[in-house]
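J.: What follows is a single structure, and I will ask about it in a moment.
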Amino acid sequence: MVMVMPSRSWGTPEKPAKINPDPRLRLERMADPLQLGFTDYEQIYARKRTRRQRFLDEMEITVPWEAFLALIKPVYHKPSSKGGRPPIPLEVMLRIHLLQQWFTLSDPLMEEMLIDTPCFRRFAGIETMDGRIPDETTILNFRHLLEEHRIAEQILEGVNQLTARHFSIETVMRPPAALLGLAVAAVPPA
């Protein structure tokens, strides 16, 4: 038996999709239709949340998604009128980029973690049924786009300032790169 959750849209520039901090309710805003496997269902409704999941839940609430999306939107590639595969939604790529920074993952390892780790997929807003998990080259190209326009630095500064104000070291698991001084380090360019 596979559960089918309510559908949602990514929103429009006039009416962006609302982000709900409760991960159980956030399912409503994920891609149409979200099909969960047993593992996904168990992890979403588990009574005990992992430190990683608690960290991602806090980041969901804390990160100013609309502000960061507004920084990137002018330089993010638009779908071509000639056809071809549509680009991965900007919000998904931003979330993947932040996951990569917080957990110090290389591009190939980030792709593998999106395939293997349900909480990463849920945080990024990806469902595996449609086969649209970005590959390592797509992740690399997005990171290079942010670096080229110096947006990556602005995003990391903003996240570091927010986490320094919002969290104490005891409340949330710190990724390895952030253990000293709450600073999030950039993944070195490939």
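Every read-out reported here was derived from the displayed coordinates using simple, explicitly stated rules and does not represent laboratory data. Treat the numbers as computed from the prediction; the structure is a model and nothing was measured. Methodologically, a virtual Cβ is constructed for each residue, glycine included, from the backbone with ideal geometry; neighbour enumeration extends over all protein chains shown.
J.: Going 7 Å from the Cα of T117 along its beta-carbon direction, which residues of the range 51-65 have the amide nitrogen within less than 13 Å of the resulting point?
T.: Label zone hits: 51-57.
J.: So how far apart, in nm, are the two label points at E136 and T50 if each is 7 Å from Cα heading toward Cβ?
T.: In this crude spin-label approximation the distance works out to 2.2 nm.
J.: At 0.36 nm per residue, minus the direct Cα-Cα distance, what do V75 and E153 gain on full extension? Give it in nm, one decimal, please.
T.: My answer for the length gained is 26.6 nm.
J.: HN-Hα J couplings of the range 132-146 from phi, Karplus 6.51/-1.76/1.60, θ = phi - 60°, integer Hz, Gly and Pro as x?
T.: With the stated coefficients, the range 132-146 comes to 10, 7, x, 7, 4, 5, 5, 5, 4, 4, 5, 4, 5, 4, 5 Hz.
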